[in-house]
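Asks: Just passing along the structure, written as structure tokens.
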Amino acid sequence: MEIKHLLQLAINASLKAGEEILKVYDSDFTVERKEDKSPLTLADKNSHQIISEYLMETNIPVLSEEGKEIPYAERKNWKQFWMVDPLDGTKEFVKRNGEFTVNIAFIENGKPILGVIYAPVPKILYYGAKDAGSFRLQVTELPAGEHFSSQTGFKLEEIISKSQKLPFKKKQKYTVVASRSHMSSETYAYMEELKKQHGEIEFISTGSSIKICLVADGSADCYPRFGPTMEWDTASGQAIAEFAGKQFMDVL
């Protein structure tokens, strides 16, 4: 299956999932707690269900945060699969600050070759794919973008025609973006080291995978992460950042 078709499918899945997430966001929703004490809402579940239905047509396995019970012994042999976080930033969702996203990545031979990140509240879409580059789209620029139609969706050519190629922003000062919910002493110490190297630095605090997107589009120079993270939190952002010409590194 062509990567262009996979990208179009993933984008439309993210837009529809975002639409359903906002229905819950605008309601009097309840919050459950998973075994690790992290929050879970109806929005997480509905988004997982919608994305799974969209991606089912590819007959390619889906590994989702809300469906991760698939044994590693089975999935370790997958050559291709979808990596999904149906609602990245549930803590931000619960706080109602709008800083949450839908993350969809396509993995081939252990590496993300396609990534889609959609922030439903500001209606901003980031996406990237191998040999195509990475882009940012204000979804309201699309025809009927305020009211996504699950019947027709959007064609990739239409999406690209309204998008900006990444990176596109220029900064005056060295800029660091970090987690709103997961700041640590290691992060603060790292920022002090950056100040020694670059002088005065700018700092942006935000939630979810938006942080990676801000590096990809040029709003920030780096996003340090010293705490534990999961593949579904980073896979789509890694694709977008790398295909925008940025580096994604493990520093031991």
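Asks: Which residue is nearest to Glu202 (Cα to Cα), if the candidates are limited to segment 219-245 and must be touching a Ser or Thr at 6+ places or on another chain (Cβ under 7 Å), among the hydrophobic types (A, V, I, L, M, F, W, C) and not in a helix (DSSP H, G or I)?
Replies: Step by step, filter segment 219-245, then rank; the result is Ala220.
Asks: Related question: Residue check: is Lys37 on the phi > 0 side of the Ramachandran plot and basic (Lys, Arg)?
Replies: yes
Asks: Based on this model, can you work out whether Ser134 counts as outside any helix (DSSP H, G or I), surrounded by 16 or more Cβ atoms within 10 Å (Cβ to Cβ) and on the phi < 0 side of the Ramachandran plot?
Replies: Yes, satisfied.
Asks: Quick check on this structure: which one of Ser38, Ser47, Ser64, Ser52 is open to solvent by less than 50 Å² (accessible area, probe 1.4 Å) and more than 27 Å from Thr206 (Cβ to Cβ)?
Replies: Sole residue among the options that is open to solvent by less than 50 Å² (accessible area, probe 1.4 Å) and more than 27 Å from Thr206 (Cβ to Cβ): Ser52.
Asks: Just checking, which of Ser47, Ser14, Ser27, Ser52 is of a type outside the set (Val, Ile, Thr) and not in a helix (DSSP H, G or I)?
Replies: Ser27 is the lone residue from the list that is of a type outside the set (Val, Ile, Thr) and not in a helix (DSSP H, G or I).
Asks: On to the next question. Take Lys171 and decide whether it is at pLDDT below 95 and over 30 Å from Thr30 (Cα atoms).
Replies: yes
Asks: Pairs only if they're at least six apart or on different chains, beta carbon under 6 angstrom, first in segment 226-239 and surrounded by 20 or more Cβ atoms within 10 Å (Cβ to Cβ), second part of a loop (DSSP other than H, G, I, E, B) and at pLDDT 90 or above; list them, first residue then second.
Replies: Gly237/Ser209
Asks: Going residue by residue through segment 65-88, is there one that turns out to be without any contact (Cβ under 8 Å) to a residue 40 or more places away in the chain, in contact with an Asp or Glu (Cβ under 6 Å, 6 or more places away or on another chain) and among the charged types (D, E, K, R)?
Replies: The answer is yes, given that some residue of segment 65-88 is without any contact (Cβ under 8 Å) to a residue 40 or more places away in the chain, in contact with an Asp or Glu (Cβ under 6 Å, 6 or more places away or on another chain) and among the charged types (D, E, K, R).
Asks: Restricting attention to segment 152-175, and to residues there that are closer than 21 Å to Gly237 by Cα and part of a helix (DSSP H, G or I), which single residue is most open to solvent (accessible area, probe 1.4 Å)?
Replies: Once the filter is applied, the top-ranked residue is Ile160.
Asks: When you check Glu200 against the structure, is it part of a loop (DSSP other than H, G, I, E, B), modelled with pLDDT of 80 or more and surrounded by fewer than 16 Cβ atoms within 10 Å (Cβ to Cβ), yes or no?
Replies: For Glu200, the condition - part of a loop (DSSP other than H, G, I, E, B), modelled with pLDDT of 80 or more and surrounded by fewer than 16 Cβ atoms within 10 Å (Cβ to Cβ) - is met.
The values are calculated or read from the model by the stated rules, or taken from the named source; none is laboratory data. Predicted model only: the values in this text are computed from it and were never measured. Neighbour counts run over all protein chains shown; Cβ positions are idealised from the backbone, glycine included. Please note that ligands, DNA and RNA were not included when accessible areas were found on the heavy atoms of the full protein model with its side chains. Shrake-Rupley method; radii C 1.70, N 1.55, O 1.52, S 1.80 Å.
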